Amino acid sequence: MRILAIGECMAEMAPTDAPSTYQMGFAGDTFNTAWYLAQLTPETPLSYFTAVGDDAISSRMLGAMRESGINTQQVRIVPNRSVGLYLITLNNGERSFTYWRGQSAARLLAQDKQALAHAMMQSDLIYFSGITLAILNPEGRAALLDVARSARRGGKRIAFDPNLRPHLWDSSSEMTENIMQAAAVSDIALPSFEDEATWFSDKNPAATLQRYARAGAETIVVKNGAETVLYRTRGAEGSVHVPPLASVVDTTAAGDSFNAGILAGLATDTPLPDSIALACKLAGHVVQGKGALVPINQSLLDSCPQP
């Protein structure tokens, strides 16, 4: 299975153990998922679709992608642009972010609709998020959804994480409307209940699951922090218990790594409950490290089936 992830990779400034010091890396929600997926199933062909600038930090980012096993042939280079930057602040394991995105080339990733369509047609599974949509202008969002809709009609599978980030949108109504438009072109939806309850007034995870099912998704996995994961696939519903954790250091990329476990299961035809169990294990490992990209231990790698 050939997988394509679409979105924005940014320069990340993450706090270290030394006071007031930070370490630079590269991260971003769909990129994080791709990075973990490349570690879990290195034999799965995996590409990233985005845009970067023509400066030194953009070149360094592309090198980091390649080193992690992600194909960058679909990355567009935009002259006189750069990449976005964000800084992480931690408070008892919970993170907050400060962003600088003004010159981010990724905001133009859907500008070349033909290139986007070509990238999707070269793939079997396409993955994007609500953040992917949020950084685009209205024309770019319409282009991305139109190409995804056509790809789905052509037999491609579309996976979508709503990843609701209201500060990226002009209004909450704009956000929720676009999220459900994306859900309508998706086969697989990976929402987080806490966000969905806040912005869609869902009373429980079952309400979130049903809403995405009505939108047209065949497979829905509702993340719920440390609580039970609810899922539906091909009309069958179930739940998976989340193992408790003794401590949480940094929740950055918890959901992104969870998604990687689900996509790894799709790539290897693993039953969905087993994929969710792997996703929970991976996310539990990630939140006990610092930053978005936490090296995976061998026991996790051994538990992941290969294609």
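Structural remarks
- Test: M65 is surrounded by 19 or more Cβ atoms within 10 Å (Cβ to Cβ) and in contact with a Cys (Cβ under 8 Å, 6 or more places away or on another chain): yes
- Breaking point among (1) in contact with a Lys or Arg (Cβ under 9 Å, 6 or more places away or on another chain); (2) under 23 Å from A283 (Cα atoms); (3) not in a loop (DSSP other than H, G, I, E, B), for A182: (2)
- Criterion (among the aliphatic types (A, V, I, L, M) and either touching a Leu at 6+ places or on another chain (Cβ under 7 Å) or assigned to a strand (DSSP E or B) (or both)) met by exactly one of A18, A64, A38: A38
- Of all residues in the stretch 8-24, at least one satisfies being surrounded by fewer than 24 Cβ atoms within 10 Å (Cβ to Cβ), among the aromatic types (F, W, Y) and either modelled with pLDDT under 95 or out of contact with any helix residue (DSSP H, G or I) (no Cβ under 7 Å at 6 or more places or on another chain) (or both).
- When residues in the stretch 251-276 are screened for being of a type in the set (S, T, N, Q), free of Cβ contacts under 8 Å to residues at least 60 places away in the same chain and either in a helix (DSSP H, G or I) or within 16 Å of D161 (Cα to Cα) (or both), 1 of them pass.
- Candidates are the residues of the stretch 89-138 that are in contact with a Lys or Arg (Cβ under 6 Å, 6 or more places away or on another chain) and in a loop (DSSP other than H, G, I, E, B); the one that is surrounded by the most Cβ atoms within 10 Å (Cβ to Cβ) is S123.
The values are calculated or read from the model by the stated rules, or taken from the named source; none is laboratory data. Bear in mind that the values here come from a model prediction, so they are computed numbers and not experimental data. Please note: Cβ atoms are built from the backbone with ideal geometry, for glycine as well, and neighbour counts cover all protein chains shown.
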